[in-house]
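Notes follow once the structure below has been shown.
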Amino acid sequence: MTSPLLTTPGAVTAESIDAGVAAHYGDPAHEGRAIERSSAWVDRSNRGVVRVSGPDRLGWLNDLTSQLTRDLPSGTATEALVLDTRGHLRHHLSLVDDGEATWIHTEPGGGPGLAAFLDSMRFMLRVEVADLSDSHSVLTVLGPKRGQAVDDADDVLDGVVQRRTEDETDLFLPAERLVEAAEALTTAGARPAGMWAYEAHRIAAHRVRPGVDTDDRTIPHEVDWVDRAVHLEKGCYPGQETVARVHNLGRPPRRLVLLPLDGTAERLPEVGAAIELEGRAVGRVGSSARHHELGPIALGVVKRAAPTDADFVVEGIAAGQEVVVDPDTGANAQINLRRRPR
């Protein structure tokens with residue numbers, strides 16, 4: 001897809017997974033500052049959009065995913081994971097229920113696969129699944145003044161489903177209303193910001209991106225998804241045994257780190273590049289970006305045994321380390337061994 005918002009003055013198209021939307025609008029540093037200090041909108045119309053309706057939807061999603069959705073209040077934003085039986089990621093869902101249906105967005109290109117999976121699990125329940133990736137778009141508004149911008153654009157956004165988290169608001173828009181909504185937000189004071197600024201903001205907040213910061217071996221504890229996308233006190237779901245085992249005994253095989261990168265390098269590392277310690281590969285890099293204040297940063301996953309005070313090298317670029325996931329995350333079991341009296 002190619003977003004109609006690429007006609008916005010200054011727009012430069014992104015590449016790779018975000019091809020079709022804007023990387024930036026001519027000044028990524030100021031776009032990043034708007035996200036942090038005022039308000040900005042980000043075109044994420046390449047996201048997959050899935051709508052689930054029917055009276056059984058929340059209980060059904062509760063049984064399929066890692067999140068407690070059975071009594072999810074209308075308007076409450078959350079995240080959920082679909083895991084395989086070994087606890088590895090199959091789908092990541094950013095969702096909200098509007099009282100009549102559950103709206104989900106997922107990674108670019110992921111809508112059809114998620115919809116097909118959900119549809120295959122309906123059985124005799126009263127749920128309907130629709131892939132709306134071609135007819136609906138996601139526009140994300142960020143920044144401390146985003147609420148005012150959204151309120152000021154209310155005439156245009158009337159009836160639009162909103163997913164409001166602590167630091168951003170996702171708008172599920174009919175595709176034909178995307179340009180009108182973006183223009184209304186701009187008039188309300190929100191600055192256009194591209195994916196470069198958005199990704200830098202996300203990385204600095206330690207939020208992983210499925211398929212970029214994860215691989216086919218990723219389990220939730222490794223990448224800080226517990227509590228955010230995994231509810232530890234809900235009933236059974238696929239992959240729960242792995243989640244419970246790590247939560248009780250600790251020691252996930254890998255752990256998430258933020259990597260401040262040497263700012264003298266003129267390039268960013270490729271996704272999947274090896275993180276090296278004394279010439280040995282100890283992990284892989286995921287997302288990377290140039291933050292308007294922090295400089296070049298990346299997320300990576302390293303072996304649990306890698307020292308927490310070590311400095312790394314990534315494709316010849318020196319990298320520091322900020323621990324995001326503690327090596328002993330989980331480890332909540334209280335084990336008292338009975339010993340025979342001597």
Q: Search the stretch 103-132 for residues that are farther than 19 Å from Arg47 by Cβ and pair each with any residue that is basic (Lys, Arg) and in a loop (DSSP other than H, G, I, E, B) when their beta-carbon atoms are under 9 Å apart and the residues are at least 6 apart or on different chains.
A: Glu128/Arg122
Q: Give the residue that is surrounded by the fewest Cβ atoms within 10 Å (Cβ to Cβ), with candidates limited to residues of the stretch 117-175 that are within 26 Å of Leu83 (Cβ to Cβ) and of a type in the set (S, T, N, Q).
A: Ser120
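Residues in the stretch 113-127: is at least one part of a strand (DSSP E or B), of a type outside the set (Val, Ile, Thr) and at pLDDT 95 or above?
As a first pass, look at the stretch 113-127 and keep what is part of a strand (DSSP E or B): none.
No, the conditions are met nowhere in the stretch 113-127.
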Q) Can you name every residue in the stretch 258-295 that is touching an Asp or Glu at 6+ places or on another chain (Cβ under 8 Å) and under 11 Å from Gly320 (Cβ atoms)? A) Leu258, Leu259, Pro260
Q: For the stretch 189-207, name all the residues that are surrounded by fewer than 24 Cβ atoms within 10 Å (Cβ to Cβ) and assigned to a loop (DSSP other than H, G, I, E, B).
A: Gly189, Ala205, His206, Arg207
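What do you reckon, is Glu15 of a type in the set (Asp, Glu) and in contact with a His (Cβ under 8 Å, 6 or more places away or on another chain)?
Values: of a type in the set (Asp, Glu): yes; in contact with a His (Cβ under 8 Å, 6 or more places away or on another chain): no.
For Glu15, the condition - of a type in the set (Asp, Glu) and in contact with a His (Cβ under 8 Å, 6 or more places away or on another chain) - is not met.
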(Q) Taking the conditions exactly as written (under 30 Å from Arg254 (Cβ atoms), surrounded by fewer than 18 Cβ atoms within 10 Å (Cβ to Cβ) and either more than 19 Å from the chain's Cα centre (by Cα) or in contact (Cβ under 8 Å) with a residue 60 or more places away in the chain (or both)), does Thr186 satisfy them or not? (A) no
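The values are calculated or read from the model by the stated rules, or taken from the named source; none is laboratory data. As the structure is a computational prediction, the values presented were derived from the model and not from experiment. Positions of Cβ are generated from backbone atoms using ideal geometry, with glycine treated the same way; all protein chains shown enter the neighbour counts.
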